[in-house]
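**Q** Got a structure for you, written out below as structure tokens; questions coming shortly.
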Amino acid sequence: MRKRDYVAINVYWFGLAFMWNGLHPIVLPALLLNFVPESLKNTYLGGMTFAGLIVAMIIQPLSGALSDRTRSRWGRRRPWMLAGTLLDLVFLAGMALAGGYWGLLAAYILLQVTSNAAHGPAQGLIPDLVPEERRGLASGIKNLFDMGGLVVASLVMGRLAEGNNQVLTFAVIGGILVVSTLITLLGTSERPATVCADPASGSNLRDLWRADFRRYPDYAWLIVSRFLILLGIYAVQGFVQYYIRDFLGVPNPAEVTGNLMAIIGLALTALVFPAGLLSDRLGRKPLNLLAGALAALGIFLLIFVRSVTSLLVFGGIIGMATGIFVSVNWALATDLIPQEEAGKYLGLSNLATAGSGAASRLAGPLIDGLNALRPGAYLGYPTLFLLASASTLLGTLLILRIRKSPHIS
């Protein structure tokens with residue numbers, strides 16, 4: 001592969017990261033305040049994003065498995081990416097024009113369907129096109145674009161959300177998504193597959209979901225550990241804007257949330273590429289353990305935050321840990337899967353990614369309930385941080401169960 005090919009196959013992730021990192025922590029929490037009761041805002045936000053992420057958890061591995069069996073002149077992955085992105089624009093417009101909670105919810109759920117129909121196949125580009133010994137590099141570049149999308153979305157969306165211009169906000173999201181998708185679609189040359197999944201093996205829906213975890217037990221442990229680590233990280237991310245609004249009492253919570261996400265994103269960006277490259281030399285497992293332990297520490301320290309400054313400092317620690325984790329953990333996943341079914345198995349990793357995101361949203365009623373016990377004390381948020389830190393630490397310890405991979409040492 002040429003150097004520019006590593007970039008072209010990964011630019012899509014910038015647009016996708018911009019969209020979801022703008023919507024979930026910044027745009028949706030601010031938008032929901034127009035439609036739901038103040039005392040139940042965490043519950044409504046948690047319920048809405050839980051449903052959406054459950055949809056993502058189902059659609060992503062299914063579309064990835066179907067793309068393994070796709071035959072077209074454009075290859076296996078790109079037709080799905082094009083169709084999914086075009087439909088994304090329809091449902092982004094639906095969210096922008098929604099006049100109430102139920103309309104917003106419907107458009108959001110449909111956006112999860114179409115976005116993940118593109119996301120699942122897109123994950124197959126690296127194992128399809130990149131030699132195994134260079135996948136740490138490719139994963140680092142992928143996550144560099146992921147983090148770039150997070151940083152830019154945090155800075156831009158935080159300010160747009162405070163301006164309360166829904167149409168402009170969603171137009172910016174759609175425009176960046178389209179440009180990044182086109183660069184990947186036009187800049188990537190998918191060759192005819194030399195190793196293909198047997199189309200007959202996907203003749204029914206159950207076959208598309210079937211994974212041989214007895215044959216690949218280390219991949220099963222990877223999914224469990226990834227779930228628990230990301231559960232803690234996503235629990236903090238999902239409710240941070242309401243935490244800033246309630247617990248810290250700042251007048252511009254969406255903008256402060258954007259600044260926090262930008263700090264986290266910059267810390268991620270600084271480490272995500274060198275971590276992926278370093279894992280090709282030093283091994284995936286030690287860096288995964290370091291990242292998980294550091295993330296658990298950063299989340300625990302949030303319990304003691306009493307100012308925006310300390311929040312940004314501890315957020316930076318979480319960002320550095322997450323930058324290392326997302327890069328080397330993804331590289332580890334590509335080591336452990338069967339290459340002929342890369343789309344399906346990497347899609348199944350979304351059982352951990354979207355599954356942990358969905359599960360973390362169930363903390364919404366817990367936060368509202370604990371906050372109601374002592375009005376004004378907001379006990380729900382420090383309790384959330386304690387549980388999130390424990391989950392991340394447990395997931396880190398489970399990485400020790402992963403043993404068989406050429407790059408694990």
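Every number in this text was worked out from the coordinates using simple rules, so none of it is lab data. Just so it is clear, the model here is predicted, and its values are computed rather than measured. Glycine gets a Cβ as well: all are built from the backbone with ideal geometry, and neighbour counts include every protein chain shown.
**Q** On average over all directions, what projected area in square nanometres does segment 225-296 have, based on the convex hull of its Cα atoms?
**A** Value for segment 225-296: 5.3 nm².
**Q** Peptides 13-19, 285-291: what's the order by average Cβ count within 10 Å, highest mean first?
**A** Put in order of decreasing packing, that is 13-19, 285-291.
**Q** Let me ask something else. Between Rg and the Kirkwood Rh of segment 102-189, both from Cα atoms, what is the Rg to Rh ratio?
**A** Radius of gyration relative to Kirkwood radius: 1.03.
**Q** Sorting check: for 233-241, 357-365, which peptide has the highest mean count of neighbouring beta carbons within 10 Å, and how do the rest follow?
**A** By packing density, highest mean first, the sequence is 233-241, 357-365.
**Q** Could you run the Karplus curve 6.51 cos²θ - 1.76 cosθ + 1.60 with θ = phi - 60° over segment 102-114 and give me ³J(HN,Hα) per residue in whole Hz, x for Gly and Pro?
**A** Working through the residues one at a time gives 5, x, 5, 4, 4, 5, 5, 5, 5, 5, 4, 4, 6 Hz.
**Q** Moving to a separate point now. Under 10 Å, Cα contacts only: if you run a Gaussian network model on the chain, which one of 180, 63, 139 comes out with the highest mean-square fluctuation?
**A** Maximum fluctuation in the GNM of the chain, among the listed residues, is at 180.
**Q** Ranked by Cβ crowding within 10 angstrom, fewest neighbours first, how are 119, 24 ordered?
**A** So the residues, fewest neighbours to most, are 24, 119.
**Q** May I ask you to evaluate 6.51 cos²θ - 1.76 cosθ + 1.60, the Karplus curve with θ = phi - 60°, for each residue of segment 309-324 and list the ³J(HN,Hα) values in order in whole Hz, giving x for glycine and proline?
**A** 4, 5, 4, 5, 5, 5, x, x, 4, 4, x, 4, 4, 5, x, 5
**Q** Quick one: order 132, 162 by neighbouring beta-carbon count within 10 Å, fewest to most.
**A** By the 10 Å Cβ count, ascending: 132, 162.
**Q** When averaged across all projection directions, what area in nm² does the alpha-carbon convex hull of the chain cover?
**A** About 17.8 nm², averaged over all directions.
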